[in-house]
Amino acid sequence: MTNINKVGVIGAGQMGTGIAHVCALAGLDVVLNDVSEDRIKAGLATINGNMSRQVRRNRITEEQRQGALARIVPAKSYDGFTDCDLVIEAATEKEDVKRKIFVQLCPHLKPDAMVGSNTSSISITRLAAATDRPERFIGIHFMNPVPLMELVELIRGIATDDGTYESTKAFCQRLGKMVAVSEDFPAFIVNRVLMPMINEAIYTLYEGVGTVEAIDVAMRLGANHPMGPLQLADFIGLDICLSVMQVLHEGLADSKYRPCPLLVKYVEAGWLGRKTQRGFYDYRGEKPVPTR
Ligand SMILES: NC(=O)c1ccc[n+]([C@@H]2O[C@H](COP(=O)([O-])OP(=O)(O)OC[C@H]3O[C@@H](n4cnc5c(N)ncnc54)[C@H](O)[C@@H]3O)[C@@H](O)[C@H]2O)c1
């Protein structure tokens, strides 16, 4: 088993910032990378904002916030990753983007460094094949928002060795997370079950069975879900929802996973949910307003 003390995070979006946040609070050194300095700066500001909220709610102390922020170092290039024990890729959910990252990243890593991907759906075995170390590659799938959600799915690729699995499991436990192990099949466990439900909610809207509000109220109060499925889709990001459905549809070749045309239309419009301020709800005003 390898002790993980320094973690590299690639992608400073919703998930990458969350992963850097929990690692730094757990006392690990973190290196944070994205495509531009501005993106990294925005990511650091998000982490600062989220930690400040935790201080206000007495979840952490001001001292812990300062200590954690000081442990996160921005890195414009992969040169900053040479002494990382584990690098977690949390970039855009596109296979070609991720493959390119791994090809460029690996020559900078120490030989025994482990590499993880936070992908929601893409084959870990296939991503591992883009690296020089498939045996030290693993899926580490955090849930959104990372600081609040207790689960991490660990996905072993065909070549992942026991040491990598045990070391990443211990790492997740150090972050205070529970681990569920999934086999490497499209979308793993959580999204295999969750995304078809969200896609079906969008079909329900598309076919006029209910309005945005009716569908969300129905599932919140009728199925006791904490968020309605359309609210949740906006929270996750509609581009992510679409790409997970595409991976399920292509990977399992079953028409039941066909992405709803309305989901495709929203993504084509650039209405990706909360992150673009518009999705099934419009977030630009004081209160979210349904867009249909
Ligand atoms: N959003 C969710 O609920 C959720 C949950 C679990 C897993 N995931 C997965 O996490 C990953 C990231 O999702 P997100 O929601 O944070 O997306 P996001 O759009 O918020 O962030 C992605 C970030 O990756 C950066 N990026 C793109 N190409 C890059 C490159 N070559 N090098 C470095 N950075 C690059 C982008 O600039 C952006 O900042 C995806 O694989 C997604 O499937 C998302």
Checklist outcome for this item: When the charge dipole of the range 6-183 is computed with +1 on Lys and Arg Cβ and -1 on Asp and Glu Cβ about the Cα centre, the Cα farthest towards its positive end, among G43, L127, P74, belongs to G43
Checklist entry - Given springs between every Cα pair under 10 Å in a Gaussian network model of the chain, which of I72, I158, I138 has the largest fluctuation? => result I158
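With runs of 4+ DSSP H residues as the only contributors, calculate the mean residue ellipticity of the chain at 222 nm using -39,500 (n - 2.57) per run, divided by the residue total and rounded to the nearest 500.
Working: 11 runs with 129 residues, N = 292.
Taking each H run of at least 4 residues, the total per residue is -13500 deg cm²/dmol.
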Item to check | Label-point separation, F235 to S255 (7 Å along Cα→Cβ), nm | outcome: 3.4
Checklist entry - Which net charge results for the neighbourhood of H249, defined as the other residues with beta-carbon distances under 11 angstrom from its beta-carbon, given Lys and Arg at +1 and Asp and Glu at -1? => result 0
Checklist entry - Looking at the range 183-271, which trypsin sites (Lys or Arg not before Pro) are DSSP coil and have at most 13 other C-beta atoms within 10 Å of their C-beta? => result none
Checklist entry - Around K76, with a cut-off of 15 angstrom between Cβ atoms, what is the net charge of the other residues, counting Lys and Arg +1 and Asp and Glu -1? => result -2
Item to check | Filtered GluC sites (Glu not before Pro), the range 217-292: DSSP coil and at most 10 other beta carbons within 10 Å | outcome: E286
Item to check | Gyration tensor verdict on the range 6-183 (Cα atoms; rounded if a/c is under 1.5, prolate if a/b is larger than b/c, oblate otherwise) | outcome: prolate
Item to check | For the range 263-272, Karplus couplings with θ = phi - 60° (6.51, -1.76, 1.60), whole Hz, Gly/Pro x | outcome: 5, 4, 4, 4, 5, 4, 6, x, 8, 9
Item to check | Most mobile of L32, L205, L248 in a GNM of the chain (Cα contacts under 10 Å) | outcome: L205
Item to check | aspartates and glutamates whose Cα lies under 16 Å from that of K265, excluding same-chain neighbours fewer than 8 positions away | outcome: E200, E207, D234, D239, D282
Item to check | Coil-residue trypsin sites (Lys or Arg not before Pro) of the range 1-77, DSSP, other Cβ within 10 Å capped at 15 | outcome: R57, R59, K76
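Skip the ligands, DNA and RNA, and give the accessible area per residue of the range 191-290 with a 1.4 Å probe, whole Å².
52
As a test of understanding, state the convex hull volume per residue of the range 8-92 from its alpha carbons, in Å³.
Output value, Cα hull per residue: 75 Å³.
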Next on the checklist: What lysines does K110 reach when the alpha-carbon gap must be under 24 Å and sequence neighbours fewer than 8 apart in one chain are set aside?
Outcome noted: K6, K76, K98, K100, K169
Checklist entry - GNM on the chain, C-alpha springs below 10 Å: top fluctuator among I101, I124, I60? => result I60
Next on the checklist: Could you tell me the center-to-center distance, by alpha carbons, between the range 181-237 and the range 266-292 in angstrom?
Outcome noted: 16
Checklist entry - Once you sort the root eigenvalues of the Cα gyration tensor of the range 191-290 as a ≥ b ≥ c, which label holds: rounded (a/c under 1.5), prolate (a/b larger than b/c) or oblate (the other case)? => result oblate
Checklist entry - Ignoring ligands, DNA and RNA, what percent of the 1.4 Å accessible area of the chain is carbon and sulfur? => result 52
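The values are calculated or read from the model by the stated rules, or taken from the named source; none is laboratory data. Just so we're clear, the structure is a prediction, and the values are computed from it rather than from any experiment. Because the Cβ atoms are built from the backbone with ideal geometry, glycine has one as well, and the counts that use them run over all protein chains shown. Surface areas here come from the heavy atoms of the whole protein model, side chains and all, with no ligands, DNA or RNA. Shrake-Rupley method; radii C 1.70, N 1.55, O 1.52, S 1.80 Å.
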